[in-house]
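The values are calculated or read from the model by the stated rules, or taken from the named source; none is laboratory data. Keep in mind the model is a prediction, meaning the values are calculated, not measured. Quick reminder, even Gly has a Cβ in these numbers, built from the backbone with ideal geometry, and neighbours come from all protein chains shown.
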């Protein structure tokens, strides 16, 4: 700056002002080029003292942010509170560091855990739906096989009725075939009921998956709303 002022001594005041303004602009650009962005850490530790003032002896170097405490006494005049940790440590900390609800970081951790549990439950439900779908396909195949078998037995019964010359023998065979026919009808009815039940279960599973996806959306909204916002001046 001294050299620039000396060089500007021989020029007019207007040109001298332009030279000084140019030098200041170049200096600021150089500083901006070498500066780097930084943020204040969200990690906070609070020292615990033996009494309600900053001059008392420190009994604990610092409790981390989010630590659950039991408030035993409040000294409003000093701005300190006597607390006890879950491990039994007792002492005084500044009341300004105490809040009645868990910190945003802890709420975020809880929400993330709930999200992971929901994702795991959805994965299990998807696998269950796949298993039910395969079972339904097997039952459909068994139902078709039973229908084909019934058709063949019915055809065989008709042939026996036509070709049999012995009335008693024909009657006995007819009775046996009728029993088989009735048994197959019962089995077919059972398979149809099982298939219907599986269809209902599959629909219920789809509803559960839809509810799970809605819960995921709600959890994502909670995450976005509870995410701490940093100030642009930090």
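Take the conditions over 30 Å from residue 225 (Cβ atoms) and at pLDDT 90 or above and apply them to residue 8. Does it pass?
Numbers: over 30 Å from residue 225 (Cβ atoms): yes; at pLDDT 90 or above: no.
Answer is no for this residue.
Restricting to the stretch 176-228, and then to whatever is more than 37 Å from the chain's Cα centre (by Cα) and under 28 Å from residue 126 (Cβ atoms), can you tell me which residue is surrounded by the most Cβ atoms within 10 Å (Cβ to Cβ)? Walk me through how you get there before you give the answer.
Initial filter on the stretch 176-228 (more than 37 Å from the chain's Cα centre (by Cα)): 176-193.
Next cut, under 28 Å from residue 126 (Cβ atoms) only: 191-193.
Details: 191: 18, 192: 13, 193: 10.
Among residues in the stretch 176-228 that are more than 37 Å from the chain's Cα centre (by Cα) and under 28 Å from residue 126 (Cβ atoms), the one surrounded by the most Cβ atoms within 10 Å (Cβ to Cβ) is 191.
Evaluate the following for residue 127: is it within 33 Å of the chain's Cα centre (by Cα) and at pLDDT 80 or above?
On the way: within 33 Å of the chain's Cα centre (by Cα): yes; at pLDDT 80 or above: yes.
So residue 127 fits the description; yes.
Yes or no, residue by residue, for (1) part of a loop (DSSP other than H, G, I, E, B); (2) under 30 Å from residue 223 (Cβ atoms); (3) touching a helix residue (DSSP H, G or I) at 6+ places or on another chain (Cβ under 8 Å):
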| position | (1), (2), (3) |
| --- | --- |
| 53 | yes, no, no |
| 59 | no, no, no |
| 66 | yes, yes, yes |
| 71 | no, yes, no |
| 77 | yes, no, no |
| 81 | no, no, yes |
| 87 | yes, no, no |
| 99 | yes, yes, no |
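Pull out all pairs, ordered by first then second residue, where Cβ-Cβ is under 8 Å, the residues are six or more apart or on different chains, the first lies in the stretch 208-222 and is farther than 22 Å from residue 128 by Cα, and the second is surrounded by 11 or more Cβ atoms within 10 Å (Cβ to Cβ).
Cβ pairs passing all conditions: 219/111; 219/114; 219/115; 219/118; 220/115; 222/111.
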